[in-house]
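**Q** Dropping a structure here in structure tokens format, bear with me for questions.
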Amino acid sequence: MKPFLILQLRPETEASDDEFAAILSKGGLTPDQTHRIRLDQTALPDNLSLDDYSGVIVGGGPGCVSDPENKKTPVEAQIEAAVLSLMPEITDRDFPFLGCCYGIGILGHHLGAPVTKERYSEEVGTSDCALTHDAEDDPLCEGLPDAFQAFVGHKEAVQELPEGCAHLITSPTCPYQMIRLGRNVYATQFHPEADSDGFEVRIGIYKHRGYFPPEDADKLVAMCRAADVHAPERILRNFIKIYGQD
């Protein structure tokens, strides 16, 4: 099969490597079935063609598309510009895309929907997610229970459903947990690749980045380890299974 393009946004090597390993593990991929680009280190190739890939997966990151330009670091601005540069072709072609956490902000922003910190931020931990009516026949939601927990941790969120999108998964604290544009462009607010080990790594790395009081780190690690979070990885595996065909 053609490789999947994995775009990573985390400038911290430990977090980036752990996320990449989780995408491989939960998606059932091997490294040679992917083209990994760390956008904090490498620009998108000038000759990049979506035709060379089965699909695009965008990981999470500490940046926020809603931050004013003068508040973004040069690396955050570079990363955001790189991902946004691909969105017109992805959405115009309805090209297979799965944006995780930061990715829903990118998709919402590209579609002109409000992405702000006004409402729906979620502290690091789990969110009680539920399928909507639109998810009943959606192939990426196949095999998911009607209700499940997912790992979250974000400062900004989509405030309204972007025009033309289906609303697939919701939660009491953040209504737009998963959306779909067309047939093949998806984004989740939660992390479909994350498990308790991965979130423990991220808690240690980001405890001084404003997601939670640093003194709560040990409590959050314990909470994440006690959580039963397995269902979301089904979304990632379904994405690979559906779009990774020869």
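The values are calculated or read from the model by the stated rules, or taken from the named source; none is laboratory data. The structure displayed is predicted, hence computed values, not measured ones. Note that each Cβ is placed from the backbone with ideal geometry, even for glycine, and that neighbours are counted across all protein chains shown.
**Q** If residue 137 passes every condition in (1) farther than 30 Å from residue 221 by Cβ; (2) part of a helix (DSSP H, G or I); (3) not hydroxyl-bearing (Ser, Thr, Tyr) but one, which one does it miss?
**A** Looking at each condition in turn, residue 137 falls short on (2).
**Q** Given the conditions (1) crowded, with 22+ Cβ neighbours inside 10 Å; (2) outside any helix (DSSP H, G or I), which single one is not true for residue 47?
**A** Residue 47 satisfies all of (1) crowded, with 22+ Cβ neighbours inside 10 Å; (2) outside any helix (DSSP H, G or I) except (1).
**Q** Could I ask something else about it? If residue 123 satisfies all but one of (1) modelled with pLDDT under 95; (2) under 23 Å from residue 7 (Cβ atoms); (3) among the acidic types (Asp, Glu), what's the number of the condition it fails?
**A** (2)
Yes or no, residue by residue, for (1) in a helix (DSSP H, G or I); (2) in contact with a Cys (Cβ under 7 Å, 6 or more places away or on another chain); (3) farther than 16 Å from residue 105 by Cβ:
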{"site": "5", "(1), (2), (3)": "no, no, yes"}
{"site": "14", "(1), (2), (3)": "yes, no, yes"}
{"site": "17", "(1), (2), (3)": "yes, no, yes"}
{"site": "32", "(1), (2), (3)": "yes, no, yes"}
{"site": "81", "(1), (2), (3)": "yes, no, no"}
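**Q** State all residues of segment 81-98 that are in contact with a Gly (Cβ under 8 Å, 6 or more places away or on another chain) and acidic (Asp, Glu); if no residue qualifies, say none.
**A** Once the filter is applied, which keeps residues that are in contact with a Gly (Cβ under 8 Å, 6 or more places away or on another chain) and acidic (Asp, Glu), segment 81-98 yields only 94.
**Q** Among the listed residues 22, 15, 82, which satisfies the condition of being surrounded by fewer than 18 Cβ atoms within 10 Å (Cβ to Cβ), touching a residue at least 40 places away in the same chain (Cβ under 8 Å) and within 25 Å of residue 152 (Cβ to Cβ)? Show your work before the answer.
**A** On the way: 22 fails: surrounded by fewer than 18 Cβ atoms within 10 Å (Cβ to Cβ); 15 fails: surrounded by fewer than 18 Cβ atoms within 10 Å (Cβ to Cβ).
The unique qualifying residue is 82.
**Q** Next question. Suppose we filter segment 1-16 for residues that are in contact with a helix residue (DSSP H, G or I) (Cβ under 9 Å, 6 or more places away or on another chain) and either of a type in the set (Lys, Arg) or modelled with pLDDT under 95 (or both); how many remain? Outline the logic, then answer.
**A** Here is the first cut: in segment 1-16, the residues in contact with a helix residue (DSSP H, G or I) (Cβ under 9 Å, 6 or more places away or on another chain) are 1-12, 14-15.
Okay, now just the ones that are also either of a type in the set (Lys, Arg) or modelled with pLDDT under 95 (or both), so 1-2, 9-12, 14-15.
Selection size over segment 1-16: 8.
**Q** Return the residues of segment 51-77 that are among the hydrophobic types (A, V, I, L, M, F, W, C) and either farther than 22 Å from residue 19 by Cβ or touching a strand residue (DSSP E or B) at 6+ places or on another chain (Cβ under 7 Å) (or both); say none if nothing qualifies. Break it down stepwise before answering.
**A** Within segment 51-77, the subset among the hydrophobic types (A, V, I, L, M, F, W, C) is 56-58, 64-65, 75, 77.
Matches in segment 51-77: 56, 57, 58, 65.
**Q** If you don't mind, another one. State whether the residues of segment 103-117 include one that is buried (at least 23 other Cβ atoms within 10 Å of the Cβ), under 23 Å from residue 20 (Cβ atoms) and not hydrophobic (A, V, I, L, M, F, W, C).
**A** Yes, segment 103-117 contains at least one residue that is buried (at least 23 other Cβ atoms within 10 Å of the Cβ), under 23 Å from residue 20 (Cβ atoms) and not hydrophobic (A, V, I, L, M, F, W, C).
**Q** A follow-up question, please. Out of 156, 123, which single residue is more than 16 Å from residue 186 (Cα to Cα), buried (at least 17 other Cβ atoms within 10 Å of the Cβ) and not hydroxyl-bearing (Ser, Thr, Tyr)? So that I can check it myself, show each step before the final result.
**A** Working: 123 fails: buried (at least 17 other Cβ atoms within 10 Å of the Cβ).
Exactly one of 156, 123 is more than 16 Å from residue 186 (Cα to Cα), buried (at least 17 other Cβ atoms within 10 Å of the Cβ) and not hydroxyl-bearing (Ser, Thr, Tyr), namely 156.
**Q** Within segment 185-197, how many residues turn out to be within 15 Å of residue 236 (Cβ to Cβ) and either without any contact (Cβ under 8 Å) to a residue 60 or more places away in the chain or in a loop (DSSP other than H, G, I, E, B) (or both)? Don't jump to the end; show me each part of the working.
**A** Going residue by residue through segment 185-197, those that are within 15 Å of residue 236 (Cβ to Cβ) are 186-195.
Then drop every residue that is not either without any contact (Cβ under 8 Å) to a residue 60 or more places away in the chain or in a loop (DSSP other than H, G, I, E, B) (or both), which leaves 189-195.
The number of residues fulfilling the criteria is 7.
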